[in-house]
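Step one of this worksheet: look at the structure below.
The values are calculated or read from the model by the stated rules, or taken from the named source; none is laboratory data. As the structure is a prediction and not an experimental result, all values here were calculated from the model. Ideal geometry is used to build each Cβ from the backbone, glycine not excepted, and the neighbour counts take in all protein chains shown. The accessibility values were calculated without ligands, DNA or RNA, using every heavy atom of the protein model including side chains. Shrake-Rupley method; radii C 1.70, N 1.55, O 1.52, S 1.80 Å.
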Amino acid sequence: MIRVAAVGDIHMAPETRGTLRPAFETLPDCADILLLAGDLTRHGTPEEARVVADEIRGLAVPVVAVLGNHDHHDDRPGEVTALLEDAGAQVLEGRAVVVPCGGAHVGVAGTKGFGGGFVGRSAGEFGEPVMKEFVRHSRHCADALRASLEELAGQDCDMRIALTHYSPVPETLAGEPLEIYPFLGSYLLAEAIDAAGADLAVHGHAHAGTENGMTNGGVRVRNVAQPVIGRAFHVYHVHERERVPAARSHANKP
């Protein structure tokens, strides 16, 4: 059993410095890894990113993060990423990482993701160039997530987690106005997760949404936006994958 702590949408700024650190310091007692599901800052400034960095620096558990739309607002996501990585986090965008956790190996594939909506009510890659660009960006994020999860499938992970900011399913948006669902997530992310496989999907972004959802393929989805979970982080207990002994896996080979 691997204990996965997760939270998103903490929206740190200088005036909130130190508010999460006491809770984060308890992580070794209850979790093996901390996932940050984007919108870590309010406006994506380096000043705000330094606050987040101080909250996570030197933690006794691995920290893996993706950025959110707020973290892009100041158009300096590279600087935000560098500051977080200097503090020890691994910040993912269209790539994956394998993290040792309590004797197990957890694979995390991450992307910010993007909007576009869900089956039956989604944007299409048609019409004005700006609409095509919108949908192409969403598809690009989903394709990168799928490729990253597939990469992890070949790395003998005990579990695989899809970490995004935008939601892959509409169920975790329940409570948000229907009119803004297309700006909160995309079914393309769920298709990527189901196609490649994962044990858990974690996202943020939907402050008024619902915690629990599931993809059509049966992957559990959790909305960990802080206003939804109502705490510094929530811990999910995820069973490790059953490994096939090497001798058995080659039994039918010449």
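Data for the structure
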{"item": "Net charge dipole size for the stretch 88-170 [Lys, Arg +1 and Asp, Glu -1 on Cβ; Debye, nearest 20]", "result": "220 debye"}
{"item": "Most fluctuating residue given options Asp199, Asp75, Asp32, as computed from a GNM of the chain linking Cα atoms under 10 Å", "result": "Asp75"}
{"item": "Inter-centroid distance (Cα atoms) of the stretch 137-186 relative to the stretch 43-57, Å", "result": "24 Å"}
{"item": "Portion, in percent, of the accessible area of the chain that falls on carbon or sulfur, probe 1.4 Å", "result": "51 percent"}
{"item": "Integer Hz, Karplus 6.51/-1.76/1.60 couplings in order for the stretch 211-224, x for Gly and Pro", "result": "6, 9, x, 7, 6, 4, x, x, 7, 5, 10, 10, 8, 10"}
{"item": "Length added when fully stretched, Asp75-Asp143, from 0.36 nm per residue minus Cα-Cα", "result": "22.2 nm"}
